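Peer 1: My structure is below; once you've seen it, I'll send some questions.
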Amino acid sequence: MKIKMIIRERCSLLTTTCVTIGLMTGVVNSTFGQNLKAHWTLDELAGPTYADSSTNHCTLYQDPNTAAALVEPGLVGNSQWLNWQPVPGTSTRLFATNSALQNDSFGFSFWIQPVYLNDYDNFMLKEEAYDPNSPSYAEESWQVHMIGNNGSGAAPIEFIVRGTLGQFYGVVTSITNLTLYTGSTNWIHVAGGYDAVGGTLTIFVNGQMNQSVGIPGADSSDGSPLSIGTAKNGPNNYVAFAAGAYIDDVQMYDSPLSTNDVAFIEAYPGSVLNSINIQSFNYSSGSGTANLTFSSEATLGYTVRASTSLTGSYLPVTSITATSVSTTVALSKSLLDGVFGPSPRPQLFYKVSSP
């Protein structure tokens, strides 16, 4: 995905004095990096459906046989509380079945705020078709969940990949432990993914990465639902139960997330990978230099282009390789004159894009 951010700069007809007067964005698909498959902001005030803000329209549905999710203040906007109620007696299950979610390699990102965590509570699980021959612990394609008490009232998060038919392709646990049997006022970021070609499993909790080399070739694309919270194998066989937690800003990709990817999402909650947010723009009338600061991902290349009209041709002004989650570029008068000539420019429009 390539995101363009456009800034309009109005200039005097007689001078090159400019001021920022507008901002707009546009999106162009490309094969760059991870492809966003679904993004659930979970801002809805009530279910039973939760919209996907990506272009794939992967609507998330409330399972009517489980406790309804409850809206709560989130890290960004609202979140949904995966909760338990005595009627119907099963904790919240949210699920989606869109074909865009059927990927053997995949990446995930979500935020949680624990309300009450038990041993083996589930956050996210890719279901598989009903298989009576698999033991209950192996009736899922992959799972992100708590494991048992480590003896100190805490436990790490486990990410396990099984593919189909109860096989085993690898497991990794987080370095960070979460406190069990209690809540928290802090939001916790969980991310990671599986590479079906190389077999590597990765998990991040609050930016701390752990990784293991499993077995390549797991099949996680049999058409079964992706579930958040409680999960099933087949129509009525519940195999995992929702963690007592608020969950916010769930993102799915078609390849694992890297350290730089996770750093970007943590720095800009609510943003998806490869999005560009203009953080600041200022112009010095004395020097004629415009300074543009935008969100970025380390090691990725960005190009600043400019045009004298919104619908005209955008010419490259400068390119830069980012080294952090924020990049500032100085656009001097001489640099712009080298592109457009020294004549006064009534207005300029800028685009920042990657690659």
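Peer 1: Which of 303, 164, 200 moves most in a GNM of the chain, Cα contacts under 10 Å?
Peer 2: Taking springs between Cα atoms under 10 Å, the residue moving most is 303.
Peer 1: Report the full-extension gain for the segment residue 303 to residue 46: residue separation times 0.36 nm, less the Cα-Cα distance, to one decimal in nm.
Peer 2: The residue 303-residue 46 span can extend by a further 88.4 nm.
Peer 1: About the Cα centre of region 218-346, how large is the charge dipole given +1 on each Lys and Arg Cβ and -1 on each Asp and Glu Cβ? Please answer in debye to the nearest 20.
Peer 2: Numbers: 4 positive and 9 negative charges, 122 e Å.
That gives a dipole near 580 debye.
Peer 1: Who wins for biggest fluctuation among 239, 329, 250 in a Gaussian network model of the chain, springs between alpha carbons below 10 Å?
Peer 2: Largest GNM mean-square fluctuation: 329.
Peer 1: Using the beta-carbon distance between residue 149 and residue 321 and R0 = 41 Å, what value does 1/(1 + (r/R0)^6) give for FRET efficiency, to the nearest 0.05? Mind showing how you got there, number by number?
Peer 2: Values: r = 46 Å, r/R0 = 1.11.
Between residue 149 and residue 321 the formula returns 0.35.
Peer 1: Next question. In the chain, if the dipole is taken from +1 on Lys/Arg beta carbons and -1 on Asp/Glu beta carbons about the Cα centre, which of 159, 68, 328 is farthest to the positive end?
Peer 2: 328
Peer 1: Follow-up. Place a point 7 Å from Cα of residue 133 in the direction of its Cβ. Which residues in region 159-190 have their backbone N less than 13 Å from it?
Peer 2: Those under the cut-off are 164-167.
Peer 1: Between 197, 76, 205, which gets the highest mean-square fluctuation from a Gaussian network model of the chain, Cα cutoff 10 Å?
Peer 2: So, out of 197, 76, 205, the one fluctuating most is 197.
Peer 1: Here's a follow-up. Could you work out [θ]222 nm for the chain from helices alone, using -39500 (n - 2.57) per DSSP H run of at least four and dividing by all its residues? Round to the nearest 500 deg cm²/dmol.
Peer 2: -1500 deg cm²/dmol
Peer 1: Give the distance, in whole Å, between the Cα centre of region 147-163 and the Cα centre of region 202-263.
Peer 2: Centre-to-centre distance over Cα atoms comes out at 14 Å.
Peer 1: With θ taken as phi - 60° and the coefficients 6.51, -1.76 and 1.60, list the Karplus ³J(HN,Hα) couplings across region 82-90 in order, rounded to whole Hz; mark glycine and proline as x.
Peer 2: Taking θ as phi minus 60°, the curve returns 7, 10, 10, 9, x, 10, x, x, 10 Hz for region 82-90.
Peer 1: Can you tell me the dipole magnitude for region 36-267 around its Cα centre, using point charges on the Cβ only (Lys, Arg +1; Asp, Glu -1), in Debye to the nearest 20?
Peer 2: Dipole size: approximately 240 debye.
Every number in this text was worked out from the coordinates using simple rules, so none of it is lab data. Small disclaimer: the values here were computed from a predicted structure and weren't measured. Neighbour counts run over all protein chains shown; Cβ positions are idealised from the backbone, glycine included.
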